[in-house]
Structure formats: structure tokens, C-alpha cells
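Everything below concerns the one structure shown next.
The values are calculated or read from the model by the stated rules, or taken from the named source; none is laboratory data. None of these values were measured; they are calculated from a predicted model. So basically every Cβ, Gly included, is an ideal-geometry build from the backbone, and we count neighbours across all protein chains shown. We work out accessible area using only protein heavy atoms, side chains counted, and drop any ligands, DNA or RNA first. Shrake-Rupley method; radii C 1.70, N 1.55, O 1.52, S 1.80 Å.
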Amino acid sequence: MTRLTTPYTARTTAAEILAGVDLTGRRMIVTGGASGIGAAAVRAMAGAGAEVTVATRDPASADALVAEFAGPGSVRAAALDLADLASVDAFVAAWDGPLHALVANAGIMAIPTRQLTPLGWELQLGTNYLGHFALARGLHGNLRAAGSARVVVVSSGAHLREAFDFADPQFERQPYDPWSAYGRSKTADVLLATGIARRWAADGVTANALNPGYINTNLQRHMDDDTLRAFGVLDEAGNRVDLPYYKTPEQGAATTVLLAASPLVERVTGRYFDDNQEAEVVAGGPEATGGVAAHAVDPAAADRLWAYAERALASR
């Protein structure tokens, strides 16, 4: 399959992706859309005329974003805690009508100690993957009702180093490592898009995953100062530093917006994008620096993980 290319670059902004695109009448959800690249994606899509719902644990945190838009695009906020499946169920029950794009953007990274969701899942996997799995499955009928809908899953280059561990997914027998847990959850995110692409194409639903790149956002809130300094993004005075290859939130949101709303990727499904281009499939492992790992787009692994998540939801 020929890799899809676009005229955009790593420095293209979300607003530039949607220049000239009219999203009037399109309804979209962005999880974790109150800050960072999620908020940048919300602004770009609402600015193009879409009705965007910010799904966030604290709806009040989106008040300023909601106030920015009075039409034709609009922004509203609704409560959603992806780690709590009762919250996911409530959000799904409250959604009425078609849904044109679901952007699975929310996430947590590098939780220092092993923590569990109410269902007993390791917190990063439960939030980044299982919560989004339950949300997408719950909204499947609404996506189908749109006639042509998109699911966009925000992953990370961290997936390259960690295949999903079906033998011990919750770190019950092996020592917990925050970065391994994060990488596995991001592999699971790519497998979520792969699984949806395999199952819902006949319903007019496409699904793709992406790496937004390096951006200074609230995602790093669980990292201590020593770790941030080791990464080179915190100076001795305690100020955040953008390294030369870092993107702004508006640039980081560009690939999300490309997949959620650009006509250039209409009907494209089951792929992984980086810097607004489809990524090359690579072997993965500790030496991998780019592309998408074969373990994250493996159809057999996607089907196995889908079945694992379905069993977890059925056991509640």
C-alpha cells in the first residue's frame, strides 16, 4: 500500500490544515479538549464551523474556551472521567444524535507508582485505552448515524518501544515501570484504531492513530523536576524550555485535525500518521526513532486486545 502524503509539514498549524474547510453542521467530541493540543484542535475545528464538545473531568476548566465561540462554530463542555467507566456510560447516555468525529485525545503519562482504576486496570492503560474503547463502542451507533464519521486516536512515539503485554497487562507479576506502562498504553491506542478500522468500515466509520510530536503541555504533570531537567525541558530556575524540535500546541494539533476533518484523508482508515504524513511501518524496539511499530498495527493483536477489553467491560 502506497503511503499517503500531504502538502503539510511538521510546522503546519491546525488552523492552516482547515483553511477553506467548512465544518458547519459537523458534531465532534474531543476528550481532554480543555488544554494543550486538545484545546488547539477544538479551536481549529470550531473556528471552521463545527459543533465541538470538550469531554473533560472538570467541565469548568473549559469555560474560557467555551466563551470564545458564539457561532457558526460552537464549543460546549461535558463531564467525562475515562478512568471511571460509570462516567463513560453517563456521557454516552447523554449524547443524542449523530457524531461525525470522536477524537480520543485525553491521556496520562508516567504515573510514578502503580495505580488502578475502579475496574482494577493499571491507571495509564485504563485511562488511555480502556476508557476510550468503552467510549467509542458506546458511541458506535451515533458514529454510524452520521453516515460518514471518523475516530482519531492520539498515540505517541513511545509506542515504538513497547509491544502490548498480553501475559501481564496490569503489571500484576512484573515490577511496575511508568514508562513501560505508558508505552504499552500508547500501543494499545494504535491497536484501538486498527480494531475499529477492521470492524466498522461498513458503517461508514474510519479510524486512524497519530503521534502529535513533542509539545510542552499538562501531560508532563506527573514528571518530577529532576526528570524534566534530564529531558532538557526545565532549566535550573524551574522554567519550561522548548527544545528546537518541540512544536507549539497549534502545530501539535495539526495531525489530529487533519485526520478528524480534512477532506484530504476522506475514507482513509487503519493508518498511523506523524507530522501530517502517513508513517512507515518499522520493526519497533528500543532503537526505533520514528514510524509506526509493526506490533501496533498487527491485525491479530488488535483483535486479541479488542476481545480482552470486551471481556473486561462484560465482567463489570
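Among Asp298, Asp84, Asp168, the largest mean-square fluctuation in a Gaussian network model of the chain (Cα springs under 10 Å) belongs to Asp168.
Over the chain, average the accessible area per residue using a 1.4 Å probe and give it in Å², no decimals. Intermediate values should be presented prior to the final figure.
Working: 13010 Å² over 316 residues.
Accessible area per residue: 41 Å².
Magnitude of the Cβ-charge dipole of the chain, K/R +1 and D/E -1, about the Cα centre, nearest 20 debye?
Working: 26 positive and 34 negative charges, 157 e Å.
Roughly 760 debye, rounded to the nearest 20.
In order along the stretch 81-88, phi translates into HN-Hα couplings of 10, 5, 6, 10, 5, 5, 5, 4 Hz, rounded to whole numbers, per the Karplus curve 6.51 cos²θ - 1.76 cosθ + 1.60 with θ = phi - 60° and x for Gly and Pro.
Distance from the Cα centre of the stretch 259-310 to that of the stretch 158-184, in angstrom? Here the answer is 18 Å between Cα centres.
Show the residues, 5+ positions off or on another chain, whose built amide H is closer than 5 Å to the amide H of Val282. Placed amide hydrogens put Val292, Ala293, Ala294 under 5 Å from Val282.
Rounded to the nearest 500 deg cm²/dmol, what is the calculated helix-only ellipticity per residue at 222 nm for the chain, with -39500 (n - 2.57) per DSSP H run of length n ≥ 4?
Working: 11 runs with 101 residues, N = 316.
Rounded to the nearest 500, the figure is -9000 deg cm²/dmol.
Our coupling estimate for the stretch 207-215, obtained by passing each phi through the Karplus curve with A = 6.51, B = -1.76, C = 1.60 and θ = phi - 60°, is 8, 9, 10, 7, 10, x, x, 8, 9 Hz, Gly and Pro reported as x.
Our estimate of slack between Gln277 and Ala64, defined as 0.36 nm per intervening residue step minus the Cα-Cα distance, is 73.5 nm.
Could you point to the label whose value was computed as Cα extents along the principal axes in Å for the structure here, given (i) 58, 52, 29; (ii) 51, 49, 44; (iii) 67, 52, 37? So the structure-derived entry is (ii). The modelled label-to-label distance for the pair Arg267/Asp165, using points 7 Å beyond Cα in the direction of Cβ, is 4.3 nm. Annotation: amide H of Gly33 within the under-5 Å range of Ala55, sequence separation 5 or more or interchain, hydrogens built in the peptide plane.
Couplings 3J(HN,Hα) of the stretch 249-265, computed from phi: x, 5, 6, x, 7, 4, 5, 4, 5, 3, 6, 7, 9, 6, x, 5, 10 Hz, in residue order, whole Hz [Karplus 6.51 cos²θ - 1.76 cosθ + 1.60, θ = phi - 60°; x for Gly and Pro].
Here the spin labels are modelled as points 7 Å beyond Cα on the Cα-Cβ line, and at Arg311 and Tyr246 they lie 4.2 nm apart. Here's how it looks for Ala253: its modeled amide H is under 5 Å from those of Ala14, which are all 5 or more places away or on a different chain.
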